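The values are calculated or read from the model by the stated rules, or taken from the named source; none is laboratory data. In this text, all values refer to a predicted model and were calculated from it rather than measured experimentally. Glycine gets a Cβ as well: all are built from the backbone with ideal geometry, and neighbour counts include every protein chain shown. Ligands, DNA and RNA are stripped out before the accessible areas are found, and what is left, the full protein with its side chains, is counted by its heavy atoms. Shrake-Rupley method; radii C 1.70, N 1.55, O 1.52, S 1.80 Å.
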Amino acid sequence: MIPFLQAHADPIIWIVKIAILLFVVLTVNAYLTWFERKVVAHMQSRWGPHRVGPHGLLQPLADGAKFLLKEDPTPAGVDKPTYYLAPLLALALALTSIGIIPFGPRPLHVFGHDIYLGIANLNIGILALFAITALGVYGVALAGWSSNSKYPLLGGLRSSAQMVSYELALTMSVVGVLLMAGSFSLPAIIGAQAPEPNHTDYGFLGWNIFPQILGFVCFFIAAVAETNRVPFDLPEAESELVAGFHTEYASFKFAMFFIAEYTSMITVSCLCTIMFFGGWLSPFPASWTFTYYLPSVILIPFGLWVIWDGIRYETIFGRLVLPGIGAVLTIIGIALAVPQLHFVNDFIQGPFWFLSKVFVFLFVYVWMRGTLPRFRYDQLMSFGWKLLLPLSIANVIITAFVILLRGAR
């Protein structure tokens, strides 16, 4: 067995990494729905999920069981191969795109092999990512066309028009970052925002968000439209299209569209972090050594609060589960602060900052859903073609001009 594993180590590592990524992403998707419902509920002075498990933490499990066990009717007259292909295509493309994201700079050393925190490290990572996400329009268009119903057909058509329109602004808005980095590689783009050797470390002031603020605004707005989220959720438009392109889908096929949407949110948040907010770089200068212990500073108080909340929780199940979860979080926080385990703290610094920034963008997504009204379709298209696209092109011209001026000096 050992010689076999050594001879086939690379394929085995890839398979294990893919399996772990799928498990983590699907679990995060499930709890992202819980997080969204709880945050929006508190914004509107409601409780949100709180019956199924302590604080409703088992609600995603109940929702998943419901999707799996619900009746799955197929409407008469649908084009069956295309009807079944559409949700699978949407989900597969969304999950594939997140496989290109690098989550940390340092590899794990296991049995003589370097295991990087990402599935594929491509020299043309951003181009491959945009190529994959651009194909997502086919899932929406095919779902609407194959359903043999006018409501999904109209929803699929205008969803396709929206996604194609905002894809142009989305692509043009990152050209300025690519010009500054001089590379299509995602790790290289992050490295271009790091302080150079023998230069003063200014922390977050070296990130692309400041010279590329116009590009970031264009990118984030276009990305929200690309993922069909409020205020650009015209593909669903319940008041007009009875849920749009996926009207005729039920059970787990509907859940696949749902998972694809939330996975796209995660991918966009990762891209915003990489392109404009320094990726896994700390926002503080390296000389500020106290920031090295921030994971412990966050985990220990949070774990103690979870223990306290669990002790006084109203159900027996909550009083059993929450203190255990809090104790685990507290122990992890204490362990990270132990000098003998400094190598663990060194390793998690990159993923900690990366995932913290991604979480902030996911919160903004949820915040917008609980705050902003939906655009009309004519406003949506006019905004994309008449404002967003010209601004993203102007950002490319200005960036190129500044780079040429610096080169002339």
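Computed values, structure above
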| read-out | value |
| --- | --- |
| Low-density loop cleavage sites - trypsin sites (Lys or Arg not before Pro) in region 46-125, where at most 14 other Cβ are within 10 Å (DSSP) | ARG46, ARG51, LYS70 |
| Residue (of LEU341, PHE210, ASN123) at the positive-pole extreme of the chain, dipole from beta-carbon charges | PHE210 |
| Cα gyration tensor, region 240-322 - rounded (a/c under 1.5), prolate or oblate | oblate |
| 222 nm mean residue ellipticity, helices alone, for the chain (DSSP H n ≥ 4; -39,500 (n - 2.57); rounded to 500) | -21500 deg cm²/dmol |
| Hypothetical label at TYR377: residues of region 240-279 whose amide nitrogen lies under 17 Å (7 Å Cα-Cβ projection) | 240-248 |
| Of all accessible heavy-atom area on the chain, the percent that carbon and sulfur account for (1.4 Å) | 73 |
| Highest to lowest packing among 380-390, 304-314, 247-257, scored as the average C-beta count within 10 Å | 247-257, 380-390, 304-314 |
| Gain on full stretching of the segment that runs from ILE20 to ARG46 - 0.36 nm per residue minus C-alpha separation | 5.9 nm |
| About the Cα centre, charge dipole magnitude for the chain (Lys/Arg +1, Asp/Glu -1 at Cβ), debye | 440 |
| Stretch gain in nm, segment LYS80-ILE115, where the contour uses 0.36 nm per residue and the Cα spacing is subtracted | 8.5 nm |
| Residue-normalised accessible area of the chain, expressed per residue, 1.4 Å probe, Å² | 52 |
| Of ALA141, GLY279, ALA222, farthest towards positive along the dipole that unit charges on Lys, Arg, Asp, Glu beta carbons give the chain | ALA222 |
| Reach of LYS386 by Cα under 27 Å, taken over lysines that are not fewer than 8 positions away in the same chain | none |
| ILE397/ILE213 FRET efficiency (R0 22 Å; Cβ-Cβ; nearest 0.05) | 0.90 |
| Theoretical FRET efficiency, 1/(1+(r/R0)^6), r = Cβ-Cβ of ALA9 and LEU341, R0 30 Å, to 0.05 | 0.65 |
| Those lysines that a straight Cα-Cα span of less than 30 Å connects to LYS80, excepting residues fewer than 8 apart in one chain | LYS66, LYS70, LYS150, LYS253 |
